[in-house]
Structures are given as structure tokens and as C-alpha cells.
Amino acid sequence: GYAAYLRNEVKIPGADVPLNGGAAWQRLLAEVEVAMRLAHPPPEELANIMVAAVRAGGTGVHGHTRWEDVSSKLMLSIAFDPLLRRIRYIAARVIWVLQNQKAAVSEWMSLLSEGPAARIYSPLFAQHLTVLRASPIVRELVFGAYDEAVAFVGEQVLKNLAGTLTAACINPEIMLRPRTQPDLESGKPKAAPQIAPEMPAS
């Protein structure tokens, strides 16, 4: 399954282990990166990318179409939809992770009534947990407000990522990073570019 792939192939720590808090969030970030790297256009569109590039060229109002304009058209027509589906998946995963923190937070609050932690944190945590467990109405209101706040956060995540994706597709040269891995040989002198020999005139 997906958890086995993340554990065995990608080597994400704790891929199939129940986590919460910061550990769950770090695992989510790693999973999100994997999901984005696995996003790709359909094979038939990749096979016809040269044809699509030719169709996106031609002459426009301001003269011949530049490569920047062609790349923007290709990004919008080929890459936008697969990446948008991944972005929606990311927003849904963020919502799911945050919603499932309710149980973890409740368990953490139950441990604050006794032991060393009782002297560090406010005694109101344990009192509030007692009210939540004793009153179904209070629990429904609090958890409902929490879920509404999480849904709002997920909506903002989706909106921001979709806006960034649109901007990247419109102007990929500026928005997209030239590389995703650090240059380990940055101090090494670069070789001079080779110039192709001129062809003799016939």
C-alpha cells in the first residue's frame, strides 16, 4: 500500500506509525513532497509535447512568439491540471491531520492533572477536559468550532497553493526554481562552455 511505499521506497521515518504533534507534521511535509514529485501529465500528452510546442508557437500581435510564451502555454495546458489535483490532495491531508489532533490533545490534557507536568501547565487544562468529557453539548460545540477553524485553514492552504501554481504556470521562468538539490561542488571552477565549430560554407 501507500504506507509501505513511503516506508520501503521513499524511506520516510514513521510512515506507518501513529504520530501526533510536530512529528506528524514533519511526516506530512515529507509525504507532501513525495506526492508533488509523483505528479506528472498523462503519457499521451508527454508523447505529443513537441506537437503541442509547435502549436503554441507562431506569430502573435507583437511579432514572433517567444519561448517564455510557449512555455507558459505548455504549463497551463499540460502541467496545471495534474498539479492542481495534487494541491487539492495536500489541502485535504492538512485538514485530516489537524482534525485528528483533537484526540491527541485530549489525551495530552488528561496527563496534566498529576505528575510533574501538573506544576508546569495551567490546572485549567485538566478542568476543561473534565467539562468536555462530562457534557456532550460542550464537547460538540468545542469540537465543531475546532473543525470549522481547520476547514478554514485548509481552504486558505488550497487558495494560496492554487494561486502560486497559477503564477508559476503563467511565468515559469521566474516562479520555478532552477534546481531542487543543492550544488555540492559550488566551489569547483566551472569548465568553459564549448563552442561548436563553424560549418564551412558550401
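Where a number appears in this text, it was derived from the coordinates with a stated rule and is not lab data. What you are looking at is a predicted structure, and each value in this text was computed from that prediction instead of being measured. Cβ coordinates were reconstructed from backbone atoms using ideal geometry, including for glycine residues, and neighbour counts include every protein chain displayed.
When its C-alpha radius of gyration is set against 2.2 N^0.38 Å (N residues), segment 111-181 gives a value of 1.96.
Can you check what the net charge comes to around LEU158, using other residues whose Cβ is under 14 Å from the Cβ of LEU158 (Lys, Arg +1; Asp, Glu -1)?
On the way: positive: ARG85, ARG86, ARG88, ARG93, LYS159; negative: GLU155.
Result for the neighbourhood of LEU158: +4.
Phi angles of segment 18-25 translate, via the Karplus equation with coefficients 6.51, -1.76, 1.60 and θ = phi - 60°, into HN-Hα couplings of x, 10, 8, x, x, 5, 5, 5 Hz per residue; Gly and Pro are given as x.
Taking K and R as +1 and D and E as -1, what net charge do the other residues with C-beta under 12 Å from the C-beta of ALA126 add up to? Before the final figure, lay out the partial values.
Working: positive: ARG133; negative: GLU114.
For residues surrounding ALA126, the net value is 0.
Computed with the Debye formula from one identical point scatterer per Cα of segment 1-132, without solvent, the log10 of I(q)/I(0) at q = 0.11, 0.12, 0.22 Å⁻¹ comes to -0.64, -0.70, -1.19.
Rounded to whole numbers, the Karplus 3J(HN,Hα) couplings from phi for segment 143-158 are 5, x, 5, 5, 5, 5, 5, 5, 4, 5, 4, x, 5, 5, 4, 4 Hz, using 6.51 cos²θ - 1.76 cosθ + 1.60 with θ = phi - 60°, and x at Gly and Pro. Converting phi to 3J(HN,Hα) with the Karplus coefficients 6.51, -1.76 and 1.60 and the offset θ = phi - 60°, segment 121-135 yields 9, 5, x, 5, 4, 5, 5, 5, 5, 4, 5, 4, 6, 7, 10 Hz in sequence order, with x at every glycine or proline.
What number comes out for the charge environment of ARG66, summing +1 per Lys or Arg and -1 per Asp or Glu over other residues with Cβ under 15 Å away? Intermediate results must be reported in sequence, preceding the final value.
Values: positive: LYS73; negative: GLU68, ASP69, GLU173.
Its environment carries a net charge of -2.
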